[in-house]
1. Tell me, please, whether a residue that is open to solvent by 40 Å² or more (accessible area, probe 1.4 Å), basic (Lys, Arg) and modelled with pLDDT under 95 can be found in the stretch 8-19.
2. Could we say that residue 18 is without any contact (Cβ under 8 Å) to a residue 40 or more places away in the chain, in a helix (DSSP H, G or I) and out of contact with any helix residue (DSSP H, G or I) (no Cβ under 6 Å at 6 or more places or on another chain) here?
Amino acid sequence: MQLKVTGMTCEHCVRAATQALQSVPGVEQVEVSLPDSATVVGDVVLADLQAALAEEGYEATLR
């Protein structure tokens, strides 16, 4: 799943978003990069990924 993540500005943001996405059950692999990209592999639904990112202050939409 390809996501556009808004609100990331630095490497700390990348780490926080990566950890948030990895915490979602069913996620097998995550790659996050600036300025606004995230790729998630696994058996997950968009709403769960969005909720995890929202807790860290980021918003996500499908690319």
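1. The answer is no; no qualifying residue exists.
2. It is true that residue 18 is without any contact (Cβ under 8 Å) to a residue 40 or more places away in the chain, in a helix (DSSP H, G or I) and out of contact with any helix residue (DSSP H, G or I) (no Cβ under 6 Å at 6 or more places or on another chain).
Here is a yes/no grid of residues against (1) at pLDDT below 95; (2) in contact with a strand residue (DSSP E or B) (Cβ under 8 Å, 6 or more places away or on another chain); (3) surrounded by 15 or more Cβ atoms within 10 Å (Cβ to Cβ); (4) on the phi < 0 side of the Ramachandran plot:
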| position | (1), (2), (3), (4) |
| --- | --- |
| 23 | no, no, no, yes |
| 27 | no, yes, yes, yes |
| 34 | no, no, no, yes |
| 38 | no, yes, yes, yes |
| 41 | no, yes, no, yes |
| 44 | no, yes, yes, yes |
| 49 | no, yes, yes, yes |
| 56 | no, no, yes, yes |
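The values are calculated or read from the model by the stated rules, or taken from the named source; none is laboratory data. As the structure is a computational prediction, the values presented were derived from the model and not from experiment. Ideal geometry is used to build each Cβ from the backbone, glycine not excepted, and the neighbour counts take in all protein chains shown. Only protein heavy atoms, including side chains, enter the accessible area calculation; ligands, DNA and RNA are left aside. Shrake-Rupley method; radii C 1.70, N 1.55, O 1.52, S 1.80 Å.
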